[in-house]
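This report refers to the structure that appears directly beneath it.
Values quoted throughout were computed directly from the atomic coordinates according to the rules given, and no laboratory measurement underlies them. Just so it is clear, the structure is predicted and the values come from calculations on it, not from any experiment. Because the Cβ atoms are built from the backbone with ideal geometry, glycine has one as well, and the counts that use them run over all protein chains shown.
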Amino acid sequence: MPDLLVQIDGQTLPLTNCVWITWAPCGCPCGALTAGFGDEAFATEEQAWREIYPTKRERDRHQRQDYRLELMSWDRYRADIDLAKRCPHVKKAAS
Ligand SMILES: [Zn+2]
């Protein structure tokens, strides 16, 4: 994979140093997708959406519900994001 570079907050980072975070509508992070590894690269938000939610139906539903994606560095991920923490805002949906 060629070294893809991305700009985040004025910093230029290799895509392999980045991760897409899925934010739930309440503001809690609920998922992470490595932005670049091996031959895979998810350089744009659209590519990341397609990887996380392969069907248009899923993407539309989550986007309608105000889920959003944010690209950040692994450093910030390690400092700010704790996916193990339970979301305090919603009761676990009955599935
Ligand atoms: Zn929450």
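Annotations
- Near Ala35, the amide H atoms lying under 5 Å from its own belong to Cys18, Val19, Trp20; only residues 5 or more places off or on other chains count, and H is placed 1.01 Å from N.
- Computed 3J(HN,Hα) for the stretch 75-84, one whole-Hz value per residue from the Karplus formula 6.51 cos²θ - 1.76 cosθ + 1.60 where θ = phi - 60°, is 4, 5, 4, 5, 7, 10, 10, 10, 6, 7, glycine and proline marked x.
- Computed about its Cα centre, the charge dipole of the stretch 5-80 is approximately 300 debye, with only Lys, Arg, Asp and Glu carrying charge at their Cβ.
- Gyration tensor verdict on the stretch 39-83 (Cα atoms; rounded if a/c is under 1.5, prolate if a/b is larger than b/c, oblate otherwise): oblate
- Between Gln47, Gln63, Gln11, the GNM of the chain built on Cα springs shorter than 10 angstrom shows Gln11 fluctuating the most.
- Relative contact order [Cα under 8 Å, 6+ residues apart], the stretch 5-80, whole percent: 36
- Spatially, the stretch 43-95 and the stretch 1-27 are offset by 14 Å when compared through their Cα centroids.
- For Val6, the amide hydrogen comes within under 5 Å of the amide hydrogens of Leu13, Leu15, counting only partners 5 or more places away or on other chains and with H modelled in the peptide plane.
- With the simple model of a label 7 Å out from the Cα in the direction of the Cβ, Arg68 to Arg50 spans 2.3 nm.
- Each residue of the stretch 26-41 was assigned a 3J(HN,Hα) from its phi angle through the Karplus curve 6.51 cos²θ - 1.76 cosθ + 1.60 (θ = phi - 60°); the sequence is 7, x, 8, x, 10, x, 9, 10, 4, 6, x, 7, x, 8, 8, 8 Hz, with glycine and proline shown as x.
- Across the stretch 4-9, coupling constants 3J(HN,Hα) worked out from phi with the 6.51/-1.76/1.60 Karplus curve, θ = phi - 60°, read 8, 10, 10, 10, 10, 6 Hz, and Gly and Pro carry x.
- Anisotropy class of the chain from Cα gyration tensor, a/c 1.5 cut: oblate
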